[in-house]
Structures are given as C-alpha cells and as structure tokens.
Amino acid sequence: MTSRPIVEARGVHKHFGTLHVLKGVDLVVAERELVFVIGPSGSGKSTLLRCLNRLEEPSAGSIVVDGIDLLDRRTDINKARRRIGMVFQGFNLYPHMTALGNVTLALRKVLGLPRAEAEARGRVALERVHLSDRADHYPSQLSGGQQQRVAIARAIALEPRVMLFDEPTSALDPELVGGVLAVMRELREDGMTMVVVSHEMGFARAAADRVLFMDDGLVVEEGTPEQIFGAPRHERTRAFISQIERH
Amino acid sequence: MSWEDFALAFLNLEIMREASPILVQGLVQTILLSLLVVPLGLVGGTVLALLSTVRHPLVRWPLMAWVDTFRALPPLVLLVFIYAGMPFAGLELPAWGAVAIGFFLNTGAYYGEILRAGIESVPRGQMEAARSTGLTRGQAMAYVVMPQAVRNVLPDLISNTLEVVKLTSIASVVALPELLFQARQAQSVTYNASPLVAAAVVYFVLLWPVVRLLSRLENRQLAGRG
Amino acid sequence: MTAWERFADSFLNARVAAEYLPKIVDGFRLTVVLALLIVVSGLAAGLLLALVRSLGVRPLNWLIIFVVDLFRALPPLVVIVLLFFGLPAAGMQLSGFASTWLALSLVLMAFAEEIFWAGITSVPKGQWEAARSTGLTFVQTLRFVVLPQAIRLTIPPLTNRTIAITKGTALASVVAVQEILGAAHAGVSFSFNPTPLTLGALAYLVLFIPVVVFGRWVETRFAWRR
Ligand SMILES: Nc1ncnc2c1ncn2[C@@H]1O[C@H](COP(=O)(O)OP(=O)(O)OP(=O)(O)O)[C@@H](O)[C@H]1O
Ligand SMILES: [Mg+2]
C-alpha cells in the first residue's frame, strides 16, 4: 500500500497586488521524504513555503496537509498548524522568553498542557537539538546556531507531521552552520517529513530525496540530487547551479 | 520685601500645619483619581492600539481621526465641555464622571499612540512564528507581541503616566476636591500662599523620583543612537 | 422638535453662535499669541540651559538639573496658580496672561533642556575631539559639528513636547484670561447655551489638528526611535 502523501499542493497561485509570484506550483511530499527547494532570489520559494501553513493566503489552488484541506473555510487553521512545523531564516525566537519558554508556549496555550508536562516535553525537544543545558538562557545569550536549534525545538515539540525550513542556515556564520545541519540530519533519520529551502548543496546531496528548482514562480525542474546537480536538463537550472557552485 | 515677610507669605509653617488635614484629603483624592484614570487610559489605549493593527480603511481612517481629535483638544477643553456642556443635553454628570470620561478620551488616545508604536516595533516574524505553532491571533498578541511592545516603549509609557498624574490637577477646575483644589481653598481662606507652596512641594516629592528615573531612561535611549 | 433638532438648538444654535463668534475669534488670536510666545521663550531658555550645562561647571549643573526636574514634576496648572494667586502675597501682581506665559515657558524650558542635553550627549566624544584637533574652538565645535547632529535627533521629541505644552494655553482660562476656552466658558454663562463651547472646541481643532498632523509627519520624517 502506498501511503497517502503528507503534503499535496496543486496549482498554487499567489498574487501580491499586480505581482504574480506563484504561477501554478505543484508540490507533493510523501511521508518521510525530504524535498529540497532551490532557486534564484525572488523566485517564490519562501512564498510557497508560507502558503503551506497559510501564513500567506494562496490566490488559487489546493493545499492538503496530512489529509486536512488547508483552504477549506471550515478548517481550524490553528489546529492544522500544530502539524506543520516551521523554521525561519531569522529564527524569530521570542526575545522575552527563555529557550524553554519559547518551546513550551504553544504546548501550554495551543495543546493546553499543564506547565509541568509542557516543560517535560520541552526539555525532551531541547535535548533533541542538544541544548538541554541552555534551557534557561534567553535568546540574546545564545549564538545564532543555538538560537536556530531552539527554533527547531520549538517546532518539533508539537510533534508535527511535516517540517518546513526557510533558509535555516543562511543567517549564520559559516562555523555555526554545521550544528544546525547535523540536527536536521538527525531529524531526517528519525523519519521526519521535511521541505527545505536552502542553498546548502552538500546537505542536499547527502540528505535530500528530491530537489526542486524554482524560477519565476514555477517549478522548472525536479529530480534526484544527482540529476539536478550533476546533469540539469534546463538551461536556467544549469546557469543557477554553476553560479552557486562558484561560491 | 524682607526674608521674614517672604517666609510669612510663602513658607508659613503655622498656616501649613493648619491646612494640612485638608491637603492630606486632597492628596488622597489625587491618588484615587490617578488610580482611576491611569488604568482607564491604558485600557482605552490598548483597545485603540489593537484596532490600529487592523489594516482595513474602514477601521484605519476613523481611528486616525479619533486619535488626532482627542490629541488636538486640550484636556481641559474636553473636561469643561463634558462637565459644563453635557447638562444641556440632559446629561448631568458628577465631577468624577466628567473627569473619568474626559481622561479616558484624552489619555486613551496618547497611550494608544505609544502602544501602537510599540506594536510596530516588534518584528513581523514574531507574529508569524507564533502563528506557525498554532497560536491564535489573540494569543500571539497577548503572549508574544504585547510583552515585547510594552517593553520597547516602557520609557514613553512611564512618561505619559507621569503626565497623566500631573494632569489630574485640572480636575480642580470642575471642583473635584483633589490636592490643587484643596490648596486653593486653603489659600483663599487664609489669604496666604503657603498652602499652594505646600501642595507644590507634595507634588514634587511625589513625582520627583519618576522624573529622575525617566531622565536616565531617556538619556540611555538617545545615547544608544550616537 | 425631534431629538436632533433639540440637540442642534442647544449645541449648534445659530443665533448664539453669531453672537459669540467674534469673542471666540478674539480668544483664538490670544491663544495663538500666547502659544507662540511660549514656544519662543521656552525653547530659547531650554537651549540656553543645555549650552550652559555643556560647559560642565559642577554647581551650576546641579542647579540646572534641579530646576529642570522641578518643572518636569510640577503640574503646569499648579505653577500657573502659584504665580497668579501666590505672587500677590509678595506684593507682586502678574496678569493671568503673564502668569500663564511664564509658567508654561518654564515648563517647556525644562523639557527642552532635557531633550537638547540628551541630544548633545548623544554626539560621540570622538566628534568633539576630532573637531577640536583641527583647531575649532569650543563654540565653533558646538555650532558646526555637535548641534547639527544633535538637533536631528531631538526634533521629534521636541515637536511633540512643544505641541503638548502649547495646548496648555487653555489653562489660562483658570486665571481669567479670555483665550478660546475662557471666552467660550464666559459665553455659556451669559447665554445659558453650550454653543460657545462647541465653537471653542472647534476653534481648538482648527488650531491644533494641523499641528498634530504636522507632529505625526515629523515623527516619520525623522524616524529615530527604532
Ligand atoms: N508580502 C509581500 N508583498 C509584496 N510582495 C512580496 C511579499 N512577499 C514576497 N513578495 C515578492 O514576491 C516575490 C517572491 O518572494 P519570495 O520571498 O517568495 O522569494 P524567494 O524565492 O524566497 O527569494 P529569496 O531567495 O530572496 O528569499 C519577490 O519578488 C518578493 O518581492
Ligand atoms: Mg526567501
């Protein structure tokens, strides 16, 4: 039996005023799959990701996550979002709360767990990102890499069915990137379904099942990492890849 | 004028002692009044600030007109209008009621502007991160955005609160027996300025620590920009 | 008569309006003159104090800080009342107009000094040293290097504070000055009709809404907060 896909987005369009940013994107992600999305700046990668948990309202198309139709008016979006973890480029940690406070807020207010239980689960999540010893630190007392790992813990504490990463390492100093990628690798090995927007080619080659190349609001090409990086079929893909490989 | 004459007219301890019971009554009223109008203004301001996050033009423009109107009207004008004008509309308000309404309208607008600036100072990503974990808009506001907003504009909030407490002195105009009103009564009975001086000293002693605190906070805020 | 007609008859009565409009217009002129005088003298005095403070003479600075704190802590109405009702005890009689002008100028001076001073100290020491090392005098450094940088930073808070304090001109009605509110209030007592108050409120809106909108513009134009 083939399992139902976790993410099933079809024909997604997005307009910002007169700007047509997504022009009919399809994205289907199977359980335990890691899909990697690359593409030039402004091609719509972030917008696509943000549509997948309705931080952006798509203009047209359908999005079903874990069997829930996100665009159905009757869907409780806050309930649905528990199943979709998101990690942002700029971490977006709450600066007025400790690491543990960041992780437990939604556990308490969304899942309604009592404080003790929320903290127990929060500590488990922090352990998974190797930051048990930083639970009582405020974001300003943590390095960028540690902050991003706390942000990952905040998302996985809710036990989501899929995790969305929007350039999780691009705001980090090079020496801090490795720690975050290592945590993402472990997540993947634990069977997490993931959609990752990033330009970390090494990580893509090692961990991605599939790579999508987006340009100008469309998925231009997709395939295994070997195909996309080794033998891109489209001229635009080739140009983009040779450009980032030069860096 | 000799020093003795001056002291007799302005620093007459005998008269101050005689006036002290009613000055204390006045002080109590001033404190009670502040405890009424500050929370009232904060509630009004919070409502206005939350409304200002609604981008819809049907909310935006009336809101802006409301805030600017009540920032443009001097609070005393508002108070006199409510106290002396409303009875003609069949609405006879006690002084406390008139003061409460006037302060709600005026200080609410000011607190509203400050809190709005605070909310705008919180990066959008904070709201998004909170929503992405399933928090509702209201929860995200309450637990994530507002705490940061308040912290970012704390000096302005304290400064406005100081102004509001000082402003309670205009209630004397509508015969609410707060500190200034009582001092004026005592002064007109004794034909001596000492009760007024005493009231001024009370205000100063009460509010000076706040002024010190503010001037530190403000210096730090500006210096951070150099 | 419908309710609206009754309401209009009392609050927007054409006959009463025609009768008292000239008085309100006179009051309007008086308010504008008073406000302008306060702005000029208050800001000038504030700047002067800040400059004196930058000389760094210890006892002088303590005095300045005390005076500034004093007028930040005292309610403006208390200062006005003290000057108007208190000074006669010292054989000095200031008119209501002069009392209000002096009181609000002192208050504006205090706030302006604080803001100017914060602006001056926000200019890094290196700027002073660089300018002095090229042979500029103390005054030249202040005039050409420090003040231009400091003033940019101080304009938004200064504008807002100035607007708030000039709105205090309405307090002059308490000491019998026939500015807008005084004229309006007197009109109500003579005509037994609140229309003069409505006119007065409108006059303040005409005067201050442009000022408030200007303040808003300045705040975005010189956005410095964060
Ligand atoms: N809220 C918005 N309002 C208007 N335009 C927007 C908005 N968000 C994104 N855009 C525009 O949509 C286009 C796609 O943006 P998006 O952020 O999805 O690109 P991206 O592929 O993630 O680029 P990058 O690699 O720079 O992050 C850009 O032209 C951007 O300017
Ligand atoms: Mg992006």
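The values are calculated or read from the model by the stated rules, or taken from the named source; none is laboratory data. Computed from a prediction, not measured in an experiment: that's the story for all the values here. So basically every Cβ, Gly included, is an ideal-geometry build from the backbone, and we count neighbours across all protein chains shown. When the accessible area is computed, the model is the full protein with side chains, heavy atoms only, and any ligands, DNA or RNA have been set aside. Shrake-Rupley method; radii C 1.70, N 1.55, O 1.52, S 1.80 Å.
In a reduced charge model with +1 at each Lys and Arg Cβ and -1 at each Asp and Glu Cβ, the protein assembly as shown shows a dipole moment near 480 debye about its Cα centre. Across peptide C:78-91, the mean count of Cβ atoms from other chains lying within 10 Å of each residue's own Cβ comes to 6.
What dipole magnitude, in Debye to the nearest 20, does the stretch B:1-98 give about its Cα centre under +1 on Lys/Arg Cβ and -1 on Asp/Glu Cβ?
Numbers: 4 positive and 6 negative charges, 155 e Å.
I would put it at about 740 debye.
Under conditions of 37 °C and 0.692 mPa s, the stretch C:149-226 yields 230 µm² s⁻¹ as its translational diffusion coefficient, taking Rh as the Kirkwood radius over Cα pairs in the Stokes-Einstein equation. Only protein heavy atoms count here; under a 1.4 Å probe, A:His15 has an accessible surface of about 80 Å².
Note down the net charge around A:Thr47, summing +1 for each Lys or Arg and -1 for each Asp or Glu among other residues with Cβ under 9 Å from its Cβ. Walk me through the numbers on the way to the answer.
Numbers: positive: A:Lys14, A:Lys45, A:Arg50; negative: A:Glu56.
Neighbourhood net charge equals +2.
The residues packed around B:Glu163, meaning those with a beta-carbon under 12 Å from its beta-carbon, carry a net charge of +3 if Lys and Arg are +1 and Asp and Glu are -1.
Which whole-number percent is the relative contact order of the stretch C:24-222 (Cα, under 8 Å, 6+ apart)? Reported as a whole number, the value is 31 percent.
Model label sites at A:Glu245 and C:Phe138, defined 7 Å from Cα along the beta-carbon direction, differ in position by 6.9 nm. Scan the stretch A:174-234 for trypsin sites (Lys or Arg not before Pro) in coil per DSSP, keeping those whose Cβ has at most 15 other Cβ atoms within 10 Å, and list them by number. Taking the stretch A:174-234 and a limit of 15 other Cβ atoms within 10 Å, the loop trypsin sites (Lys or Arg not before Pro) found are A:Arg233.
Averaging Cα coordinates gives a centre for the stretch C:1-65 and one for the stretch B:42-95; these two points are 20 Å apart. Residue ranking by accessible heavy-atom surface, 1.4 Å probe, largest first, among C:Leu205, A:Leu48, B:Leu42 comes out as B:Leu42, C:Leu205, A:Leu48. Three principal axis extents describe the C-alpha atoms of chain A; from largest down they are 54, 46, 43 Å. For the stretch B:1-84, the average shadow cast by the Cα convex hull is 9.4 nm², which is a quarter of the hull's surface. Going from the isolated chain to the complete set of protein chains, the stretch C:1-38 loses at least 30 Å² of heavy-atom accessible area (1.4 Å probe) at C:Phe11.
Highest mean packing comes first when the peptides A:109-120, B:55-66, C:35-46 are listed by Cβ atoms within 10 Å, giving C:35-46, A:109-120, B:55-66. Rg/Rh for the stretch C:24-222 (Cα atoms only, Rh after Kirkwood) is 1.07. Given a 1.4 Å probe and the protein chains as shown, A:Asp173 ends up with an accessible area of around 90 Å². Beta bridges per DSSP, both residues in chain A: antiparallel share near 55 percent. Averaged over the residues of B:121-132, the number of partner chain Cβ atoms lying within 10 Å of the residue Cβ comes to 6.
Can you give the Kirkwood hydrodynamic radius of the stretch A:45-170 from its Cα pairs, in Å with one decimal?
Numbers: mean 1/r = 0.0663 Å⁻¹.
Kirkwood radius, the stretch A:45-170: 15.1 Å.
Calculate, for chain A, the solvent-accessible area per residue in square angstrom, rolling a 1.4 angstrom probe over the heavy atoms of the protein chains.
44
In what order, largest first, do B:Arg124, B:Arg71 sit by accessible area if the probe radius is 1.4 Å? Each step should come with its number before you reach the end.
Values: B:Arg124 170, B:Arg71 30 Å².
Result of the area sort, largest leading: B:Arg124, B:Arg71.
Measuring heavy-atom accessible area with a 1.4 angstrom probe and counting protein chains only, the residues of the stretch C:117-138 that give up at least 40 Å² relative to the chain alone are C:Ala118, C:Ser122. Accessible surface buried at the B:C interface totals approximately 4800 Å², computed with a 1.4 Å probe on protein heavy atoms. Positive contributions from Lys and Arg (+1) and negative ones from Asp and Glu (-1), summed over other residues with Cβ under 15 Å from the Cβ of A:Val150, come out at +2.
Rounded to the nearest 500, what is the 222 nm mean residue ellipticity of the protein assembly as shown from helices alone, with -39500 (n - 2.57) per DSSP H run of 4+ residues and division by all residues? The partial results should precede the final answer.
Details: 27 runs with 419 residues, N = 699.
Computed mean residue ellipticity for the protein assembly as shown: -20000 deg cm²/dmol.
With both residues required to sit in the protein assembly as shown, DSSP beta bridges show an antiparallel share near 55%.
The Rg/Rh ratio of the protein assembly as shown, with Rg taken over Cα atoms and Rh as the Kirkwood radius over Cα pairs, comes to 1.08. The listed residues A:Glu200, C:Glu5 rank as C:Glu5, A:Glu200 when sorted by accessible area, largest first, using a 1.4 Å probe.
Per Stokes-Einstein, at 20 °C and 1.002 mPa s, what whole-number D in µm² s⁻¹ belongs to the stretch B:3-225, with the Kirkwood radius over Cα pairs as the hydrodynamic radius? Translational D for this selection: 108 µm²/s. Put simply, the amide H of A:Arg210, placed in the peptide plane, has neighbours under 5 Å in A:Leu34, A:Phe36, leaving out anything fewer than 5 places away on its chain. Based on the Cβ-Cβ distance from A:Asp216 to C:Glu5, what FRET efficiency comes out when R0 is 60 Å, to the nearest 0.05? The formula returns an efficiency of 0.40 here.
In Å², what does the accessible area per residue of chain B work out to with a 1.4 Å probe?
Details: 9880 Å² over 226 residues.
It amounts to 44 Å² per residue over chain B.
Between B:Thr136 and A:Ser170, what is the FRET efficiency for a Förster distance of 45 Å, r being their Cβ-Cβ separation, to the nearest 0.05? Approximately 0.90, to the nearest 0.05.
Dividing the mean sequence gap of close Cα pairs (under 8 Å, 6+ apart) by how many residues chain B holds gives a relative contact order of 31 percent.
Compute accessible area for the stretch A:94-134 by itself and then with all protein chains, 1.4 Å probe, and report residues whose area falls by 30 Å² or more. Output list: A:Tyr94, A:Pro95, A:His96, A:Leu105, A:Lys109, A:Val110. Remark: spin-label model distance A:Arg4-B:Thr46 equals 4.2 nm, labels positioned 7 Å along the Cα→Cβ axis. On the stretch C:24-222, 74 percent of the accessible area sits on carbon and sulfur atoms, based on a 1.4 Å probe.
Determine, from the Cβ-Cβ distance of A:Ser132 and A:Phe16 and an R0 of 45 Å, the FRET efficiency 1/(1 + (r/R0)^6), rounded to the nearest 0.05.
Values: r = 42 Å, r/R0 = 0.93.
Given R0 = 45 Å and the Cβ-Cβ separation, E is 0.60.
Averaged over the residues of B:79-85, the number of partner chain Cβ atoms lying within 10 Å of the residue Cβ comes to 6. Between A:Ser62 and A:Glu117, the simple spin-label model (points 7 angstrom out along Cα→Cβ) gives 3.6 nm.
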